[in-house]
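To start, the structure itself, in structure tokens.
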Amino acid sequence: MKICKNGHAFDKSSSCPVCPICSSVEMGEKYGEEFPRIGAPAFRAIDSIGITRLTQLIKHSEQELFVLHGLGPKAIKLLRERLTEKGYHLLINKY
Ligand SMILES: [Zn+2]
């Protein structure tokens, strides 16, 4: 177990030393209601490629997103569904 600077105890066996509680609060504040609840690792993944708005995702294909650390098939499905609801689509894979 590790303790973060805000006093949350968390179990971290992976290589990312980020407190999941702080991280989801932070990401929730940053991304708000526009995004589905994809979880903190997935938010960090899209954050790492500079995505701050849902519609910025349409510049990327599903395969591009899939290779990001933290973004799994479930998160991608949620993002795709949310985009579809709003009338947007991820790029078609060029392969
Ligand atoms: Zn914390």
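The values are calculated or read from the model by the stated rules, or taken from the named source; none is laboratory data. Computed from a prediction, not measured in an experiment: that's the story for all the values here. FYI the Cβ positions are ideal-geometry reconstructions off the backbone, even for glycines, and counts take in every protein chain you see.
Yes/no per residue for (1) near the ligand (Cβ under 9 Å from one of its atoms); (2) part of a loop (DSSP other than H, G, I, E, B):
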{"site": "N6", "(1), (2)": "yes, yes"}
{"site": "V25", "(1), (2)": "yes, no"}
{"site": "F43", "(1), (2)": "no, no"}
{"site": "D47", "(1), (2)": "no, no"}
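Does P36 satisfy being closer than 25 Å to K2 by Cα and modelled with pLDDT under 95?
It is false that P36 is closer than 25 Å to K2 by Cα and modelled with pLDDT under 95.
Scan segment 64-86 residue by residue and report those that are over 12 Å from the mean Cα position of the chain (by Cα) and in a loop (DSSP other than H, G, I, E, B).
Passing the criteria: V67, K86.
Tell me which residues, restricted to segment 67-85, are more than 11 Å from I46 (Cβ to Cβ), without any contact (Cβ under 8 Å) to a residue 24 or more places away in the chain and either touching a Pro at 6+ places or on another chain (Cβ under 6 Å) or crowded, with 16+ Cβ neighbours inside 10 Å (or both).
Correct list: R80 only.
Looking at S61, S13, S48 in this structure, which one is in contact with a Leu (Cβ under 9 Å, 6 or more places away or on another chain), surrounded by fewer than 13 Cβ atoms within 10 Å (Cβ to Cβ) and of a type in the set (S, T, N, Q)?
S48
Out of curiosity, is Q56 surrounded by fewer than 13 Cβ atoms within 10 Å (Cβ to Cβ) and either in a helix (DSSP H, G or I) or within 16 Å of the ligand (Cβ to nearest atom) (or both)?
Judged against the criteria, Q56 is a match.
Among the residues of segment 27-41 satisfying the criterion of being surrounded by 12 or more Cβ atoms within 10 Å (Cβ to Cβ) and in a helix (DSSP H, G or I), which is farthest from the ligand (Cβ to nearest atom)?
Y31
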